[in-house]
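Below is one structure, written out as structure tokens; the observations come after it.
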Amino acid sequence: MNHLESAFRGRNHIWRYIIMLAAVLIVSNTLGALPLIIAALLKSGSNPGLFTELAANPNNYSVLGLDSNMLLAVMLFPFIAGLVTFILLVKPLNERSIKDTINGTTKLRWDRFFMSAFVWAALAAIYFFVYMGVDPANFRLNNASTSLAALIAVSVLLVPFQAAFEEIIFRGYLMQGFARLFAHRWFPLLMTSVLFGLMHAFNPEVKEFGFFTMMPQYILFGLIFGLITVLDDGIEAAMGAHTANNIFLCIMVTNRASALQTDALYEQIGIYPWTEFAALLATGVIFVFILSRLFGWKGLSALTEKIEKPPVHS
């Protein structure tokens, strides 16, 4: 095992983790927000009440008058800024490489990324079309224009950076950090899953449906991605599934409360969070089972295995 064991390499004082997370947060919300700020300033000349409208509804960026695909790119830019910041700081701050954070080795397993992405996308498509077949009145065709091609291009080019950023921070950096605090692998899995859920606490879905309704779904996402990280000894499979999930949502289906407001192919009219939770749970179980067969995982017993600190050579 390499991924969690690599937490013992380099420098790992808690203040280093605090500085890293603070730096990533500050850069993503300042430099990363520059395109959004510039767009708002340009629009404010013709709409003096723009900032009042944004203050009243911070998630409603439609008032900027940007093309929906351009708006998606602007919304994803902070994640790119945060990812670049992490890559630049992890070596001088923690004396570890980005590859150490991904799987603790010197090689990235791209086959894991693409196979996981394919399996997740296939399961998402099956669920979506079955759901639409069972309840067709709950969906309407939203966009069949040429702008869909631009949406596909923006999603495929930029969403992987957003997914990679979240996975590197949570299932990579923080999971390795928590691995230093407790001997068994289930502890960093649980802690990062809860934090991953809380990170989404300000999403518009939470405002629409309530904190305690949406948190189980976000935490379950974290548990699925965290579980395959532990079982596969690296985050490539989690990055692939996360990327496929977000690209699928951007392109195929949107709804009024979605954090990813795009001109997707379909719009879902009614949202039933606990139905979505049950579907995610079933999808997650099937997904983990399929990957376990494809990648030859030895089973859930890995969760109780101790994280052994590598010996110090004199």
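Throughout, read-outs are computed from the coordinates displayed, never taken from laboratory work. Computed from a prediction, not measured in an experiment: that's the story for all the values here. When we count neighbours, we look across all protein chains shown, and the Cβ atoms used for this are built from the backbone with ideal geometry, even at glycine.
Label Thr30 and Phe8 with points 7 Å out from Cα along Cα→Cβ: what is the distance between them in nm?
3.8
From the cross-link list Lys43/Lys91; Lys207/Lys298; Lys107/Lys306; Lys43/Lys99; Lys91/Lys207; Lys99/Lys207, which pairs have alpha carbons spaced over 32 Å apart?
Details: Lys43/Lys91 40 Å; Lys207/Lys298 41 Å; Lys107/Lys306 24 Å; Lys43/Lys99 42 Å; Lys91/Lys207 38 Å; Lys99/Lys207 37 Å.
In this structure, Lys43/Lys91; Lys207/Lys298; Lys43/Lys99; Lys91/Lys207; Lys99/Lys207 exceed 32 Å between Cα atoms.
Using helices alone, I'd like the mean residue ellipticity at 222 nm for the chain: each DSSP H run of four-plus residues gives -39500 (n - 2.57), total over residue count, nearest 500. Provide the component values of the computation, followed by the final result.
Working: 13 runs with 199 residues, N = 314.
Calculated at 222 nm, the ellipticity per residue is -21000 deg cm²/dmol.
May I ask for the distance between the Cα centers of the range 1-21 and the range 197-267, given as a whole number of Å?
26
May I ask for the longest run of the chain untouched by trypsin sites (Lys or Arg not before Pro) that are loop-located per DSSP and have at most 14 neighbouring C-beta atoms (other than their own) within 10 Å? Mind showing how you got there, number by number?
Values: sites that count: Arg11, Lys107, Arg256, Lys298.
The reported range is 108-255.
In Å, what Rg and Dmax follow from the Cα atoms of the chain?
That works out to 20.2, 69 Å for Rg and Dmax.
Could you please report the charge total around Ser292, scoring K, R as +1 and D, E as -1 over all other residues with beta-carbon less than 14 angstrom from its beta-carbon? The partial results should precede the final answer.
Details: positive: Arg112, Arg293, Lys298; negative: Asp232, Asp233.
Every neighbour counted, the sum reads +1.
Please compute the modelled spin-label separation between Ile271 and Val156, points set 7 Å along Cα→Cβ, answer in nm with one decimal.
Here the modelled spin labels are 2.8 nm apart.
Among Thr52, Thr105, Thr283, determine the one that fluctuates most according to a GNM of the chain built with springs between C-alpha atoms less than 10 Å apart.
Thr52
Want the number for Ser301 to Lys43: 0.36 nm per residue separation, take away the alpha-carbon distance, what's left? Write down the numbers at each step before the final one.
Values: separation 258, 0.36 × 258 = 92.88 nm, distance 5.60 nm.
Computed gain between Ser301 and Lys43 is 87.3 nm.
Relative to the present Cα-Cα distance, how much length would full extension add between Leu108 and Ala278 at 0.36 nm per residue of separation? Walk me through the numbers before you get to the answer.
Values: separation 170, 0.36 × 170 = 61.20 nm, distance 3.29 nm.
Here the answer is 57.9 nm.
What does the net charge come to around Phe113 if you take all other residues with beta carbon closer than 15 Å to its beta carbon, with K and R at +1 and D and E at -1?
In short, -1.
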